[in-house]
Each structure stands twice: as structure tokens, then as C-alpha cells.
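Here is the structure we will look at, set down as C-alpha cells.
The values are calculated or read from the model by the stated rules, or taken from the named source; none is laboratory data. Bear in mind the structure is a predicted one, so any value in this text is a computation, not a measurement. With ideal geometry, Cβ positions are generated from the backbone for all residues, glycine too; neighbour counts draw on all protein chains shown. These accessible areas exclude ligands, DNA and RNA; they are computed on the full protein's heavy atoms, side chains included. Shrake-Rupley method; radii C 1.70, N 1.55, O 1.52, S 1.80 Å.
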Amino acid sequence: MHEEVTALNPYHMAVQQFEAAAEKLHLSEDMREVLRQPKRELTVNFPVRLDSGRIKTFTGYRVQHNVNRGPAKGGIRYGPDVTLDEVKALAMWMTWKCAVVGIPFGGAKGGVICDPKHMSPAELERLTRRYTTEISIVIGPHSDIPAPDVNTNSQVMAWIMDTYSMHEGFSIPAVVTGKPLSIGGSEGRNDATATGVLFVTRQAAKRMGMPLKGARVSIQGYGNAGAIAARLFHNEGCKIVAVSDTRGGIYNESGLDPSAVLRHKQERGSVIDFPRAQRVRVQDVLEVPCDILIPAATEGVLTAANAGRVQARIVAEAANGPTTPEADKILFDKDTIVIPDILANAGGVTVSYFEWVQDLQSFFWGVDEITKKLEVIMNRAFSAVAEKADQYHCDMRLAANMQAISSVAEATQVRGIYP
């Protein structure tokens with residue numbers, strides 16, 4: 001049992017992926033030591049007054065992995081299972097993600113151990129404002145820019161922006177991205193992650209000679225990324241055959257209507273018991289007959305135990321870290337193209353970058369311009385990674401990591417060591 005936990009430790013997984021790429025790149029041990037460790041890890045313990053009047057102490061984290069290519073960038077997640085190792089892994093993946101699409105950020109991540117599903121909006125606001133105050137010593141529009149992640153949203157970003165601005169004495173919209181439009185958010189940000197997944201999947205399908213129209217798609221996770229991906233792929237003529245959330249999954253080989261499924265989830269709290277669909281387990285959604293599988297929930301869901309049963313020809317990782325290194329090897333041997341998280345879901349951080357730029361210059365773009373700029377960046381990154389995968393006869397994750405790590409290593413080398 002202990003071995004299994006170790007294998008699925010997200011930070012160990014991230015380091016394992018890094019080492020494989022560093023080996024191929026022949027990076028020196030000195031450089032590896034710099035890049036495998038986070039630059040800064042902040043742990044905060046802070047009290048929050050609950051609606052009952054009780055005072056509860058929460059633990060939160062903010063990790064900055066590397067800032068040699070620009071300010072740190074990364075989401076904040078709320079959840080009962082948040083760990084420091086998870087946040088460290090996500091910060092490292094963010095460094096590679098920003099580098100692989102060529103945007104001038106380093107990687108960061110944050111999290112608070114809490115159960116937002118059992119907290120009132122007022123409690124979440126107090127928790128967010130206090131957490132922001134605690135991490136305000138490391139965040140800022142030119143140092144570290146948070147964004148939404150699991151169980152956080154534009155409202156949470158608005159509270160962070162307001163709290164930080166109150167401390168400074170004037171509005172600083174560029175301190176976070178993923179904000180509401182009314183306070184400096186960007187058009188297209190809400191759909192950005194799923195839109196990026198669509199763009200790179202389209203490129204992968206073209207590369208395989210597989211038409212996107214009529215392709216069967218299964219989506220594990222029906223939150224922001226998953227539900228929007230379902231709608232976008234459906235609009236492209238794909239057939240959404242299965243979706244799931246934390247409570248279970250549904251399957252219909254004739255296809256599901258994503259909008260109707262979303263309405264059902266909003267009314268009932270889950271996709272399960274959707275009419276005209278067969279109820280299945282969450283893990284079954286990963287294994288149903290389909291052409292494209294989109295893991296859009298949490299890390300470590302595709303493992304050595306189930307990768308052999310995956311039937312998809314393309315796995316597009318809308319979630320961070322859904323595939324273990326062991327599963328990667330199994331899928332590669334089956335000729336399944338895995339579009340890795342640091343490339344597949346980089347649409348979110350790319351449009352976050354656009355939002356940050358717009359905030360800094362107080363000049364905003366229309367959604368068409370944003371979507372066009374996003375498509376150019378995603379297609380260019382996909383082509384570069386695919387070429388590297390062909391060159392080294394390796395899977396796309398190793399190729400994407402090599403592309404990103406060489407870029408960060410070069411920035412580190414050029415900047416030198418201070419003092």
C-alpha cells in the first residue's frame with residue numbers, strides 16, 4: 001500500500017517526469033538541482049470566524065517554483081485533500097506549461113486545506129481574504145499572479161484582488177487573472193482552457209488523419225473545463241458519449257446533449273441519473289469505447305492498473321497530472337497519442353497572460369482577437385512538441401518537457417547565479 005501512495009505522490013511524479021527529460025537533454029547535475037526544487041515554499045496557518053461564531057484555523061500554501069523567465073503564475077485551489085507536495089508538483093508543471101507555449105511567466109501554485117462544499121459564501125469570503133493577507137508578502141502584479149483552480153472561481157479572484165488592493169490603497173487588477181469582466185477580467189478567459197484543448201486535439205486528429213466530426217468523446221470531470229470542453233467538441237460535430245463528476249458517470253453510445261447534462265447537474269448537483277443515459281462508475285468513463293478521452297478532473301486517474309483498458313486514440317489532458325509515468329508507457333506502446341497537460345490545458349494560462357497584459361496597459365481586446373491569438377500560440381506549441389517527439393521517437397509528454405525544460409535551463413544559464 002505504501003508503494004502505491006509513493007507512486008502517486010504528485011511531486012514525485014513531477015520530478016520523475018523532469019528527470020526523464022533532463023536525462024535526454026544531458027542537463028548537468030547542477031542545473032537539475034536548481035530546476036527540480038521550488039524557489040520558495042510558503043506555508044500559512046490562519047484563523048477564520050465561521051458563521052457559527054466558532055474560530056477555525058486553516059492551513060494554506062503558496063509555492064513559487066521558478067521565476068527565471070518572468071513573474072510566477074499559477075492557480076489557487078481549495079480542497080480537503082490539498083497537500084504541500086501537490087502544490088509543489090503543480091507549481092513545477094506551471095513552469096513547464098508557461099515555457100512550452102512561450103509566455104513570459106514562471107510557475108507557482110497555491111492551495112488551502114478546506115471543504116468549500118460545506119462552507120457558506122460568507123465563510124469562503126473571510127477565508128479568501130485572510131489567506132490573501134497571509135500570502136500578500138509573496139504575490140503581486142510583477143512577482144506572482146494567482147488565478148482560479150479547483151473549487152475557486154472569478155468571485156474568489158475578485159476577493160483576492162480587492163483585499164490586495166485595499167492593502168495598497170488603490171486598485172491593482174493585474175494582481176490576479178480569471179477575474180469578472182467588470183473589474184478587469186478578459187473576454188474568453190472562462191472558456192480558455194477548454195478552447196486550448198480543442199485546438200491541440202484538432203491538430204492531433206489532423207496528424208492522425210482522423211476527422212474530428214463524428215469522433216466519440218468521453219470526458220472525466222464535468223466542472224468548468226470538462227463541461228465547456230463538452231460543449232465546444234459537440235459544436236465541432238463530435239459525439240459526447242460519456243461524462244462524469246465526483247459522484248459518478250453517465251454513458252450513451254448515441255451521444256449526450258452537453259447543455260442538457262449541464263442543466264441537469266445544476267438542478268440535481270450531479271450528472272448521475274440523467275435521463276436516456278446509462279449510469280456508470282467514474283473510472284468506467286476512462287475506459288468506454290471512444291476516440292478522444294479528456295481527463296478534466298484531478299491528477300493520477302490513469303495508472304498502470306487501467307491504462308491498458310483505455311480505448312481512446314487521443315488522450316487530451318484538460319486536468320493537471322492525470323496520467324502516471326507507468327500509464328504513459330502503456331499508452332505510448334498502444335500508439336495512443338497523449339497530449340500532455342502542460343500543452344493541452346495551457347489555453348487557460350495563455351489567456352491569463354492576455355488578461356495580465358490588458359490590465360497592465362488598461363486596454364482591452366475583443367473575444368475574436370483573443371481566440372485568434374490563442375489559436376496561433378496553441379498550434380505553434382503543438383507543432384514544436386510534435387516535431388520534437390518525432391525527432392527523439394518519444395511520447396509527447398517527454399517532448400513537451402524537453403521543449404520547456406531546455407527553455408527554462410537556457411534562461412537560468414543566461415541570467416547566471418546571483419551574487
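Here are a few things to note about the model shown:
- Flag for His12 being at pLDDT 95 or above and either within 19 Å of the chain's Cα centre (by Cα) or among the acidic types (Asp, Glu) (or both): no
- Taken over region 108-157, the criterion of being of a type in the set (Asp, Glu) and either in a loop (DSSP other than H, G, I, E, B) or on the phi > 0 side of the Ramachandran plot (or both) is satisfied by Asp115, Asp149.
- Here Val243 clears all of (1) within 21 Å of the chain's Cα centre (by Cα); (2) part of a loop (DSSP other than H, G, I, E, B) except the condition numbered (2).
- Test: Tyr131 is touching a strand residue (DSSP E or B) at 6+ places or on another chain (Cβ under 7 Å), farther than 25 Å from Leu360 by Cβ, surrounded by 24 or more Cβ atoms within 10 Å (Cβ to Cβ) and not small (Gly, Ala, Ser): no
- For region 40-61, the condition holds for no residue, the condition being that it is in a helix (DSSP H, G or I) and either of a type outside the set (D, E, K, R) or more than 26 Å from His118 (Cα to Cα) (or both).
- Within region 313-330, the set of residues being within 21 Å of the chain's Cα centre (by Cα) and either open to solvent by 10 Å² or more (accessible area, probe 1.4 Å) or closer than 16 Å to Thr201 by Cβ (or both) comprises Ile314, Val315, Ala316, Glu317, Ala318, Ala319, Asn320, Pro322, Thr323, Pro325, Glu326, Asp328.
- Trp93, sole failed condition from (1) out of contact with any Ser or Thr (no Cβ under 9 Å at 6 or more places or on another chain); (2) closer than 24 Å to Pro173 by Cβ; (3) open to solvent by less than 10 Å² (accessible area, probe 1.4 Å); (4) part of a helix (DSSP H, G or I): (2)
- Complete set of residues in region 85-109 that are in contact with a Cys (Cβ under 9 Å, 6 or more places away or on another chain) and either of a type in the set (Ser, Thr, Tyr) or closer than 14 Å to Ala14 by Cα (or both): Gly107
- Glu29 vs. criteria under 30 Å from Asp359 (Cα atoms), out of contact with any Lys or Arg (no Cβ under 6 Å at 6 or more places or on another chain) and modelled with pLDDT of 95 or more: no
- Condition met for Asn379 (touching a residue at least 24 places away in the same chain (Cβ under 8 Å) and either of a type in the set (Phe, Trp, Tyr) or in a helix (DSSP H, G or I) (or both)): yes
- Residue count for region 158-189, restricted to those that are in contact (Cβ under 8 Å) with a residue 40 or more places away in the chain, assigned to a loop (DSSP other than H, G, I, E, B) and touching a strand residue (DSSP E or B) at 6+ places or on another chain (Cβ under 8 Å): 2
- Scanning region 331-354 for residues that are touching a strand residue (DSSP E or B) at 6+ places or on another chain (Cβ under 9 Å) and open to solvent by less than 40 Å² (accessible area, probe 1.4 Å) yields a total of 12.
- Region 203-237, residues that are under 26 Å from Ala147 (Cβ atoms), open to solvent by less than 20 Å² (accessible area, probe 1.4 Å) and part of a helix (DSSP H, G or I): Ala204, Gly226, Ala227, Ile228, Ala229, Ala230, Phe233
- Filter pass, Val34 being assigned to a helix (DSSP H, G or I), buried (at least 17 other Cβ atoms within 10 Å of the Cβ), in contact (Cβ under 8 Å) with a residue 40 or more places away in the chain and over 17 Å from the mean Cα position of the chain (by Cα): yes
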